[in-house]
Amino acid sequence: MTLMAIAFYLMAAVTLVAGLLVVTARNPVHSVLYLILAFFSAAGLFVLLGAEFLAMLLIVVYVGAVAVLFLFVVMMLDVDFIKLRQGFANYLAPGAVVAGILAFELIFVGWAVAGRGAAAGNAPQAARPDATNIQTIGLELYTTYAYVFEAAGFVLLVAMIGAIVLTLRHRTYVKRQDIYKQVTRRRKDAVAVVPAKTGEGIQE
Amino acid sequence: MDLAMDFPAFNEALPETILGLSAILILVFGAFRGDKGMTSISALCGAALIGAAFAAAWSPLGTAFSGSFVSDGVSVFAKVAMYIASAFIIVLGQGYFDRLNNRRFEFPILILLATLGMSIMVSAGDLIALYVGLELQSLALYVLAAFRRDDAKSSEAGLKYFVLGALASGLLLYGASLVYGFAGSMYFTDIAAAANDNMNVGLIFGLVFVISGLAFKVSAAPFHMWTPDVYEGAPTPVVAFFAGAPKFAAMILLARVLETAFLTEIDQWRQVLLVLAVLSFAVGGLGGLMQKDFKRLLAYSSIANMGYALLAIAAGTTQGIQALLMFFALYMVDSLGLFAAQMSLQRKDGEPVTRIDQFAGLAKVNMPIAIAITILALSVLGMPPFGGFWSKYFVFGAALSSDLIWFAVAGLVASVIAAFYYLRLIKLMWFDAPVVEFGKAPLETRWIALASAAFSFPGAIVFLIFGSVLAAAAVVGFGAH
């Protein structure tokens with residue numbers, strides 16, 4: 001139990017510090033890297049709670065996709081972050097108000113449910129004690145919800161088709177390497193033997 | 001392997017299975033053939049839709065997939081009507097993009113996938129299927145609206161529809177989450193039981209948000225603001241699609257949510273629907289008066305027509321649902337015909353005729369199309385003996401038997417206002433001198449316009465005989481009545 005407690009406090013502390021550094025780091029690339037660190041630590045907290053699937057999801061989706069996307073955006077767009085920071089003092093007061101309200105709400109909700117659930121020290125109840133929660137989710141997803149699961153697949157398919165339809169352009173003027181064309185090219189297509197008179201050369 | 005034996009659910013969901021599998025296979029075929037294969041891909045998609053329509057008509061009724069999927073008379077009626085309408089849209093789109101020399105094989109496939117989404121919507125038995133079906137349909141429609149990506153208006157239409165549609169989806173999801181939270185279940189039958197036990201203000205709150213989200217999809221006022229712009233900007237076959245099948249699907253979905261999950265709260269949601277209906281009458285009627293663009297005019301006309309459909313649902317009886325089915329079956333034909341007629345009109349230089357004043361003198365140049373537009377316009381405004389009159393007749397019948405007399409009167413007034421702008425169109429066509437030189441009408445648009453007009457006048461009489469029998473049989477067992 002002490003090992004669990006140490007792991008919890010370690011990861012909670014890392015999450016908090018990383019979160020703070022995301023906001024305060026001068027270099028935006030560093031901010032994104034701290035964000036990834038925060039995601040990883042939060043994933044660790046989920047593992048401690050017994051929610052392995054959520055932990056994996058956090059890493060695959062947030063670290064693997066969202067954070068990398070942020071990184072791309074930060075690196076590719078020429079945003080002047082120093083200029084962005086200049087209004088920091090102006091936004092401080094409204095920002096503090098919003099943060100204060102959020103903190104109040106969190107504390108209030110925590111206080112309201114303090115006597116119940118995980119907060120009271122009750123371990124979450126597994127729907128199937130004999131299976132891990134990944135197995136349980138898989139069983140539900142592929143049996144009870146197989147229909148909507150497949151339908152959701154079609155939604156993603158439409159999104160892919162849509163992205164291609166609306167953005168893909170076949171630009172004919174761009175020179176591309178076509179391996180098939182290169183390999184199937186024969187000598188007679190490219191080389192012609194033309195008899196040339198001495199001292200006159202060839203005209204096209 | 002006998003599929004039906006191993007997966008009994010596929011018996012009920014056969015039309016969806018056909019649509020989904022054929023969409024994937026045709027997509028692969030299209031990826032290899034490229035845009036030059038659009039004609040054959042359109043034909044394949046049309047064949048898939050017809051096949052699915054037959055499958056829908058003959059597949060067994062019942063629930064499947066642990067209650068997420070409901071196949072009953074209403075869903076079968078709606079599916080057959082939507083599949084046929086979608087097949088016509090594919091024909092229209094093929095010709096339209098051919099003439100623009102802008103063939104893209106994704107068009108029929110997106111129509112197919114949108115139809116799959118609508119099919120999931122009309123068969124939804126729980127909140128997740130409701131949302132997933134709606135998103136599948138909407139996402140395909142967003143792309144279709146922006147399909148002519150080099151055209152500024154089309155891109156604008158797509159973007160506008162997407163942003164507002166995402167907002168509506170958000171409203172709907174918020175409402176659905178409230179309903180789930182207060183009822184404790186996703187399934188409509190369980191929600192009905194929960195609502196019966198304990199009428200909770202949270203449930204009503206969620207229900208109103210769900211209604212708002214769906215009202216956006218059917219473009220009922222005050223959630224109509226996207227309609228005129230999208231109708232004006234999107235490619236015409238796509239607009240013809242928008243006007244019919246997706247709205248039918250969303251209306252059936254609305255009726256199913258209200259009459260299976262929330263029947264005990266009829267006094268609550270009836271007020272909401274009546275407000276929506278009256279506002280739609282007002283916006284559709286008065287907004288149409290100012291319009292100069294034919295497609296914008298049809299947009300306002302469709303807003304007003306959604307008022308009648310909402311009135312039919314607000315009746316809260318099986319008679320109302322029967323009226324809804326008949327209304328949409330007839331209305332879809334009228335709107336398809338009007339859009340086909342608009343597509344058949346083009347100037348000598350190939351530019352489409354879109355402004356209403358350019359319709360002047362059409363009767364002298366192209367008599368059949370002028371007759372078709374006249375019949376369809378009279379039908380949409382509800383003049384007897386055309387199809388549109390009968391569709392409104394059923395709606396008013398259902399409204400009167402539920403003591404909604406004043407709302408039926410409001411509908412009549414909207415019809416009278418609509419008569420003004422349709423009669424102006426008719427007067428322009430028959431009695432004014434031509435202002436533009438009309439080119440030759442493309443074959444398929446002319447035939448679809450003429451066929452719709454023929455359906456609207458002599459055909460509707462025949463349709464009424466067996467259509468009302470079908471609709472009456474379809475609504476048996478719908479909801480709790």
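The values are calculated or read from the model by the stated rules, or taken from the named source; none is laboratory data. All values reported here derive from a predicted model rather than from experimental measurement. Every residue, glycine as well, gets a Cβ built from its backbone with ideal geometry; the counts of neighbours run over all protein chains shown. For accessibility, only protein heavy atoms count, side chains too; no ligands or nucleic acids. Shrake-Rupley method; radii C 1.70, N 1.55, O 1.52, S 1.80 Å.
Under 5 Å between amide hydrogens, built in the peptide plane, is the criterion, and for B:ASP293 it picks out B:ILE356 among residues at least 5 positions away or on other chains.
Label point of A:ALA99 set 7 angstrom out along Cα-Cβ; within region A:15-30, amide nitrogens under 17 Å from it belong to A:15-26.
Based on the reciprocal of the average 1/r between different C-alpha atoms, the Kirkwood radius for chain A equals 23.9 Å. Here's the list of aspartates and glutamates a cross-link from B:LYS153 could span, going by alpha-carbon distance under 13 Å and ignoring same-chain residues fewer than 8 apart: B:ASP229, B:GLU232. Return the carbon/sulfur percentage of the accessible area of chain B, one whole number, probe 1.4 Å, all protein chains in place. Carbon and sulfur: 70 percent of the exposed surface of chain B. On a per residue basis, the protein assembly as shown carries 49 Å² of accessible surface, using protein heavy atoms and a 1.4 Å probe. For A:LYS197, a cut-off of 30 angstrom between C-alpha atoms picks up these lysines, skipping any fewer than 8 places away in its own chain: A:LYS188.
With the cut-off at 1.5 for a/c, could you classify region A:27-114 from its C-alpha gyration tensor as rounded, prolate or oblate? It comes out oblate by the Cα gyration axes. If I model a spin label at A:TYR142 and B:ASN101 as a point 7 Å from the Cα along the Cα→Cβ vector, what separation in nanometres do I get? Simple spin-label model gives 5.2 nm for this pair.
Determine the total buried accessible area between chain A and chain B, counting protein heavy atoms only with a 1.4 Å probe; round to the nearest 100 Å². Don't skip to the end; give the middle numbers.
On the way: alone 17420 and 17870 Å², together 33230 Å².
The contact between B and A buries close to 2100 Å².
Using only the Cα atoms of region B:267-377, each taken as one equal point scatterer with no solvent, compute I(q) by the Debye sum, divide by I(0), and report log10 of the ratio at q = 0.10, 0.18, 0.23 Å⁻¹. Taken in order of the listed q values, log10 I(q)/I(0) reads -0.38, -0.93, -1.23.
Return the inverse of the average 1/r over all pairs of distinct C-alpha atoms in region B:264-480, which is the Kirkwood hydrodynamic radius, in Å to one decimal.
Details: mean 1/r = 0.0564 Å⁻¹.
With all distinct Cα pairs of region B:264-480 included, I get 17.7 Å.
In units of the compact-protein estimate 2.2 N^0.38 Å, region A:6-70 shows a Cα radius of gyration of 1.09. Within the straight-line cut-off of under 15 Å between alpha carbons, the aspartates and glutamates reachable from B:LYS364 are B:ASP432, B:GLU437, sequence neighbours fewer than 8 places apart in one chain being disregarded. Solvent-accessible surface, computed for protein heavy atoms with a probe of 1.4 Å, shrinks by 10 Å² or more for the following residues of region B:40-74 when the other protein chains are added to the isolated chain: B:PHE65, B:SER66, B:SER68, B:PHE69. Other protein chain C-beta atoms within 10 Å of residue C-beta, averaged over A:160-172: 4. Is region B:67-178 best put as rounded, prolate or oblate by its Cα gyration tensor, with a ≥ b ≥ c the root eigenvalues, rounded for a/c under 1.5, and otherwise prolate when a/b is larger than b/c, oblate when not? Verdict is oblate for region B:67-178.
What is the average number of partner chain Cβ atoms found within 10 Å of a Cβ in B:137-150?
Working: counts 2, 2, 8, 7, 1, 4, 8, 2, 0, 3, 3, 0, 5, 1.
Whole-number average of other-chain Cβ neighbours for B:137-150 is 3.
Considering Cα pairs under 8 angstrom that are at least six residues apart, work out the relative contact order of region B:264-480 and quote it in whole percent.
Working: 332 pairs, mean separation 65.8, N = 217.
Over region B:264-480, the number comes to 30 percent.
Using the Cβ-Cβ distance between A:ASN133 and A:ALA5 with R0 set to 22 Å, the FRET efficiency works out to roughly 0.45.
Each helix, a run of at least 4 DSSP H residues, gives -39500 (n - 2.57); summed and divided by the residues of the protein assembly as shown, these come to -23500 deg cm²/dmol at 222 nm.
Compute the length gained on full extension between A:MET76 and A:ARG176: take 0.36 nm times their separation in residues and subtract their Cα-Cα distance, giving the result in nm to one decimal. Write out the running numbers ahead of the final one.
Details: separation 100, 0.36 × 100 = 36.00 nm, distance 2.46 nm.
In short, 33.5 nm is gained.
State whether the protein assembly as shown is rounded, prolate or oblate according to the following rule on the C-alpha gyration tensor (a ≥ b ≥ c being the square roots of its eigenvalues): a/c under 1.5 gives rounded; otherwise a/b larger than b/c gives prolate, and the remaining case gives oblate.
On the way: a/c = 1.74, a/b = 1.16, b/c = 1.51.
In terms of gyration-tensor shape, oblate.
Here the scattering of region B:141-262 is modelled by Debye summation over its C-alpha atoms, one equal scatterer each and no solvent; at q = 0.14 Å⁻¹ the log10 of I(q)/I(0) is -0.63.
Considering only alpha-carbon pairs that sit under 8 angstrom and 6 or more positions apart, the relative contact order computed for chain A is 12 percent. Rg/Rh for chain B stands at 0.96; both radii use Cα atoms, and Rh follows the Kirkwood definition. Summing charges over all other residues whose Cβ lies under 14 Å from the Cβ of B:GLU232, with Lys and Arg as +1 and Asp and Glu as -1, gives +3.
Relative contact order of chain B, taken over Cα pairs closer than 8 Å and 6 or more residues apart, is 15 percent.
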